[in-house]
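A.B. asks: Can you read through this structure? Questions will come right after.
The values are calculated or read from the model by the stated rules, or taken from the named source; none is laboratory data. It should be emphasised that the depicted structure is a prediction, and the values quoted were computed from it without experimental measurement. Backbone-built Cβ (ideal geometry, glycine too); neighbour counts: all protein chains shown. Remember, those area values only see protein heavy atoms, side chains included, never the ligands or the DNA or RNA. Shrake-Rupley method; radii C 1.70, N 1.55, O 1.52, S 1.80 Å.
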Amino acid sequence: MRVLIVDDHPVTRDGLRSALSSSGEVEIVGEAGSGEEAIQLVAEAKPDVVFMDVRLPGMSGSEATRHILECAPEARVIVFTVEESRTALADAMRAGVSGYLLKDSSSTELVHSAKLAMEGKVVIHPTLTRAFIEEVQYLDHRPDTPLSRRESEILQKVAYGASTKEVAHALGISPHTVKTHLERIFEKLGANDRAQAVAIALRRGLVD
């Protein structure tokens with residue numbers, strides 16, 4: 001298997017290279033320290049599998065994955081990271097990765113995951129399975145009711161930290177009207193309070 005390694009830490013790249021090369025089934029065709037460099041190397045080296053970190057300088061691993069799969073849909077990307085958050089996992093899965101592994105994975109697990117990825121299968125580190133299931137359940141049950149333009153304006157200002165009075169003043173409406181809109185926003189998003197509403201909106205790309 002032709003493999004490209006993407007990580008901004010040289011020590012991590014060295015360790016991953018040694019772990020993969022020891023199997024005798026992997027050829028390392030390149031290493032990159034950023035998402036931008038990875039995209040370029042995929043076009044040049046044409047790897048079968050890309051081991052990608054999530055946290056990279058500049059472009060994130062998930063964003064780089066999207067670009068890679070647009071240009072080289074036959075490539076398989078496996079996230080190899082210390083990031084265990086549900087959000088990071090969800091972003092990576094939506095980007096189209098074929099696996100999500102933590103950096104305590106053994107060389108045998110790494111090679112096996114690469115083989116499964118080439119067979120069109122997805123591998124998730126055992127400790128992350130629950131987080132993956134929770135995210136899928138969230139996506140399946142989230143409300144689909146769109147926000148109105150006014151509701152979007154209010155939620156954006158709330159996301160920036162504006163108080164009810166500040167939102168009312170900025171939009172030329174009463175604080176009571178703002179509160180009414182917020183109640184509708186909470187209902188549409190399935191949120192209990194401002195913080196949760198903003199978190200859900202950020203995850204869904206409804207606010208910046």
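A.B. asks: Could you work out the relative contact order of the chain, using alpha carbon pairs under 8 angstrom and six or more residues apart, expressed as a whole percent?
C.D. replies: 14 percent
A.B. asks: Here are some values of Rg and Dmax of the Cα atoms in Å: (1) 19.9, 64; (2) 15.9, 49; (3) 21.0, 69. Which one was computed from this structure?
C.D. replies: (3)
A.B. asks: Same structure again: Please get the size of the charge dipole for segment 68-118, origin at its Cα centre, with Cβ charges of +1 on Lys and Arg and -1 on Asp and Glu, quoted in debye to the nearest 20.
C.D. replies: About 100 debye.
A.B. asks: Could you state the accessible area per residue of segment 11-60 in Å², with a 1.4 Å probe and every protein chain left in place?
C.D. replies: Accessible area per residue: 46 Å².
A.B. asks: Heavy-atom accessible area of residue 80 with all protein chains present, probe 1.4 Å, nearest 10 Å²?
C.D. replies: My reading of the accessible area for residue 80 is about 20 Å².
A.B. asks: Helix 129-141 versus the longest principal axis of the chain: what angle, 0 to 90°, nearest 10, using Cα atoms?
C.D. replies: The angle comes out near 40 degrees.
A.B. asks: Based on DSSP H runs of at least 4 residues, each adding -39500 (n - 2.57), what is the mean residue ellipticity at 222 nm of the chain after dividing by all its residues, to the nearest 500 deg cm²/dmol?
C.D. replies: The helix-only estimate for the chain comes to -17000 deg cm²/dmol at 222 nm.
A.B. asks: Quick one: angle between helix 194-204 and the longest Cα principal axis of the chain, in degrees between 0 and 90, rounded to 10, please.
C.D. replies: Its long axis makes an angle of about 50 degrees.
A.B. asks: Please report, as a whole percent, how much of the solvent-accessible surface of the chain comes from carbon and sulfur atoms (probe radius 1.4 Å).
C.D. replies: 51 percent
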